[in-house]
Each structure stands twice: as structure tokens, then as C-alpha cells.
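> Take this structure, written in C-alpha cells, and hold onto it; I'll ask about it next.
No lab work stands behind these numbers, since they all come straight from the coordinates. In this text, all values refer to a predicted model and were calculated from it rather than measured experimentally. Glycine also receives a Cβ, built like all others from the backbone with ideal geometry; neighbour counts cover every protein chain displayed.
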Amino acid sequence: MHDFNYKHNNLYCEAVSIEKLAEKYGTPLYVYSRNTLISHYRKIKEAFGSISPLICYSMKANSNLSICKALVKEGAGLDIVSGGELYRALKAGVSPKKIVYAGVGKTEKEIETAIKRRISFFNVESIPELRLINKVAGTLGTQQKVAIRINPDVKAKTHKYITTGHGENKFGIDFETAGKIFLERARYKNLNISGIHMHIGSQIVDSEPFIKAMKRVVGFIKYLETHGAEIRWLNIGGGLGIIYSKERPQTAKEYASAILPILKKIKANIIMEPGRFIVGNAGVMVTRVQYIKETPSKNFAIVDAGMNDLIRPSLYGAYHEILPVRSHSYLNSKDVRVFDVVGPICESGDFLGKDRKFVGLKEGDLLSVMGIGAYGSSMASNYNSRLRASGVMVDGSKVKLIRRRETYEDLIRAEL
Ligand code: LLP
């Protein structure tokens, strides 16, 4: 599953002791395993080997340059959602032909830059956006490929903030409107409307919503083809769930065997945009217990990482396993105590885990918050004027600093 394992009661990332990393680089610290990252990318690639899709890693999950570069080197494309992500994607050295651009609010400037940089596709989310891309492409004297993002109106059975393919979500275009766009595509002279995109949500653990959505979309593609519109590309999005606690998500192979028979009914080339599946289990956040605070109602382990470093528990009530870096499992189990693991931020919502059991936990101990590779550092902020943490990537016994800790000067750099 991942490369974070205990050796003689000490947590390691690949061949490197996490305790040593914390001593050298300080805490909080994001630690990534290169092997876990790459092996998850390969799992998808192999599961879909029979159709060789273009796998565009969804860089919103973790847009650190070294992480993107490692995947680009493996052959991945990138799924972007902003001018900032385009900037990072190009810095990561991806070929623009492997960039797809989604998002409901692309600005004219962002569209212009992306067209000039010759990205592959815009995944278009509304008619006004389609008109704007057509206009900008015309001004630049070029033809731009676009895919229409369909909202297939399925419930994805995940947290309500991260479903995107239900009728009431802001994403995508309903079938009827999309049908009209394709049939009237000649109106958009500067566009090559040749693809369909869908993405129904994130952290989806069973294949059923994917199957349902894909059947609808494939049926729609057939309908369009009988009306003379050729669909050359189908982008099936991301959304594959991972294990945070007791979920049993479909594996890449199970996902592939569930949907390949549907995808093989059409001729379109397949693009996919997994984020979490690739990077989620490849990272942990190491934090040090600052204080143990006992109150009449609770024990708190106050650590040096907070909701600014990992917002998922506060924002979605997400569960992340929290392990002691030095395992105390050999101690007498009478020493088990229950703690809320909380950060230093001035909000009651600033917690990393609630009611967690530890043996002999004390001030100065290191904890490892698991599964933070996706939507961990990429959602970090400077709230409470806290410095964003550093990150390292481990490759066997080698360690590379991939983001330095911010300084106080960084905090005010953009202020006038
Ligand atoms: N493609 C599109 C168009 C997306 O909007 C997303 C994620 C992905 C691909 C990648 O989805 P993934 O394979 O990672 O599930 N911050 C939330 C997750 C938000 C996902 C947003 N869109 C979280 O921490 O759970």
C-alpha cells in the first residue's frame, strides 16, 4: 500500500528514519515516499494498459514541483485548474500537449495564456465559457480543442463538498444543453469541439457511481455519433478513493475491469485525471507534541501542526490515522490514554484527530499523520501567520528537500 513502516518500533519512510528527518528538518514536516508515488501511478497505468490512456495527474492534489516532475518523468500529463497551475505545470517540464484545463471560472487572461502555450484541451463548463474561448482563440488566430464537461447527474456517495457530478453542483453541463452545443458546433468557428469530459467527485470508494455515469456518457456519445458529431476524446476524470481508515476502495484493477467494458464500446481515446489515488498515501505529516493538556473533560495532545498545515479534518471531518513515530506498542497497555490531537491555531475546529488512543504519549514525542499526500500541503495556508512547513522526498535511502520552510519575510513578501 505504502512505504511507511515500523522497523524496530521506529517509523521509517522507505529506508529513512522519520525521527532523523524530524531532527534534521524540524517539524511540522511533510514526508513523501517517491516509491509510493510512482507505484500508484504505475498501478493505474498497468490496469488500463489495454487502452493506453493519457493519465493527467490532477495537480491540485499536490502541486509541488518535485512531485509533478517525478510523475511527468514517468510519462504523466497534468490536469490543471488555474493560471498558477499552468505556470507550475510548465515549470515541471510537462509537454503542453499533455495538459488539460478544467474549472468553472477560467478568466480571459488565463484562457489566453493557456492557448498561447498550446495546451491540449480546455474542459468547458458553461456556454459563456465556450463563447469566451472561441473569442480568444479567434483573436489569437488559432483553433483550440475543447471537451465539454458533462454533469451526468449521479450521486457519488462521498462528502457533500466533494461531489461534482450531481445536477445541483456547479460543475459541467447537462446532457440536453451539451447535445445542442455539439449539434450547433459549427457556430464556434475557432473551436474544435471533439471531446467529452466528466468528473463526478472525489474519494469515491465503490465503482457503481462511476459505472452509472460512464454508461450515461457513453450512451450520449453514441447518440452524438448517430447525429454526425465525432467524439475523439473522452476524459473520465479522477475520483478514485483511497484507504484512510476502514474503507475498502476499489483497486485500480477493479476499477479498470468495471469500466473498461463500457469504454470499449466507443472509439474515443481515453484521458483520466486521478489525483488522490496517486499521491494520497505517498505522504505523511510529522508533528511534535508540544504540550499534554488535561482538562476535566478531555486530554489534549497539542502539536506543532495545525489546520493551516492540514485542513481536511476541520473542513470535511476527514479521518487521518495518527501514529507515534516511535511506537510504544511494547509498553503495558494499561498506559493507553485517549487524546484529541489539536493544533495551536485559535479555532476550536483546529484538530487533526479526535479521541485517538496512544500508549505513554508525552510532550516532545513525534506523531505521524498518515495519508496526507493529497490535499494536504496543497491546501495549506498561512492562517494565524504560521509559516508553511517544509517537505522532503525520500527515495530509498536518499532524501531531498522539496520545499523549504517559509520564513517571516516570506509572510509579508507580497504586502505593500
Ligand atoms: N479532475 C477534476 C476536474 C477535479 O475537480 C478533481 C478534484 C480531480 C480530477 C481529482 O480528483 P481525485 O482523483 O483527487 O479525487 N480537497 C478535497 C478534494 C477535492 C477534489 C476536487 N477535485 C479533499 O481534501 O478531499
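> Could you give each residue of segment 257-273 its phi-based ³J(HN,Hα) in whole Hz, using Karplus coefficients 6.51, -1.76, 1.60 with θ = phi - 60°, and x for Gly or Pro?
Once θ is set to phi - 60°, the couplings for segment 257-273 become 6, 6, 9, 4, x, 6, 5, 6, 6, 10, 8, 4, 6, 9, 10, 9, 9 Hz.
> In addition: Give the separation of the Cα centroids, segment 233-250 to segment 12-34, in Å.
So the two Cα centres are separated by 27 Å.
> Residue farthest toward the positive end of the dipole of segment 35-278, with Cβ of Lys/Arg at +1 and Asp/Glu at -1: which of Leu71, Ile196, Gly105?
Value computed over the given set: Leu71.
> Give the peptides 92-103, 274-285 in descending order of average Cβ contacts within 10 Å, highest first.
274-285, 92-103
> Per the Kirkwood treatment, what hydrodynamic radius in Å, one decimal, follows for the chain from the mean inverse distance over all distinct Cα pairs?
In the chain this quantity evaluates to 22.6 Å.
> Taking the Cα centre of segment 35-278 as origin and charging only Cβ (+1 Lys, Arg; -1 Asp, Glu), how large is the dipole, in debye to the nearest 20?
With Lys and Arg at +1 and Asp and Glu at -1, about 460 debye.
> Still on this structure, I have one more. Near Lys7, which aspartates and glutamates are there with a Cα under 20 Å away, not counting those fewer than 8 places off in the same chain?
Glu19, Glu23, Glu321, Asp365, Asp395
> Taking a 22 Å limit on the Cα-Cα distance, which of the listed pairs Lys69/Lys398; Lys97/Lys222; Lys69/Lys97 fall beyond it?
Over 22 Å Cα-Cα: Lys97/Lys222.
> What FRET efficiency comes out for the pair Asp335/Tyr223, r = Cβ-Cβ distance, R0 = 51 Å, nearest 0.05?
My answer for the efficiency is 0.20.
> How high is the relative contact order of segment 29-155? Use alpha-carbon pairs under 8 Å, at least six apart in sequence, and give a whole percent.
17 percent
> Amide H neighbours of Lys145 under 5 Å, at least 5 residues apart or on other chains, H built in the peptide plane: list them.
Placed amide hydrogens put Asn192 under 5 Å from Lys145.
> OK, next. Among all the aspartates and glutamates, which ones have a C-alpha under 19 Å from Lys189's C-alpha, if same-chain residues fewer than 8 places away are not counted?
Glu108, Glu112, Glu125, Glu129, Glu230
> Determine how many Å³ per residue the convex hull of the Cα atoms of segment 262-311 encloses.
For segment 262-311, the hull spanned by Cα atoms encloses 137 Å³ per residue.
> Okay, moving on. For a quick check: sort Tyr57, Tyr188, Tyr316, Tyr161 by the number of other beta carbons within 10 angstrom, fewest at the front.
Ordered from fewest to most neighbouring Cβ atoms within 10 Å, Tyr57, Tyr188, Tyr316, Tyr161 come out as Tyr161, Tyr316, Tyr188, Tyr57.
> In what sequence, highest mean first, do 119-126, 8-15 appear when ranked by Cβ atoms within 10 angstrom?
In decreasing order of mean packing, 119-126, 8-15 become 119-126, 8-15.
> With a 10 Å radius around each residue's Cβ, average the other Cβ atoms per peptide and rank 223-232, 259-268, 372-381, highest first.
Per-residue mean Cβ counts within 10 Å order the peptides as 372-381, 259-268, 223-232.
> Ranked by Cβ crowding within 10 angstrom, fewest neighbours first, how are Cys68, Cys56, Cys346 ordered?
Starting with the residue having the fewest Cβ neighbours, the order is Cys346, Cys68, Cys56.
> Taking the C-alpha atoms of segment 35-278, how large are the radius of gyration and the largest Cα-Cα span, Dmax, in Å?
Final numbers for Rg and Dmax: 16.9, 53 Å.
> Ok, one more. Taking the Cβ of each residue in Met59, Met1, Met214 as the centre, tally the other Cβ atoms inside 10 Å and list the residues starting with the fewest.
Met1, Met214, Met59
> Using Cα pairs closer than 8 Å and at least 6 residues apart in sequence, work out the relative contact order for the chain, in percent.
Reported as a whole number, the value is 20 percent.
> Also: Need the list of lysines near Lys157 for cross-linking: C-alpha distance under 18 angstrom, and skip anything on the same chain fewer than eight residues off.
Those lysines meeting the cut-off are Lys170, Lys212, Lys215, Lys246.
> To the nearest 20 debye, what is the magnitude of the charge dipole of the chain about its Cα centre, counting +1 on the Cβ of each Lys and Arg and -1 on the Cβ of each Asp and Glu?
Dipole size: approximately 1100 debye.
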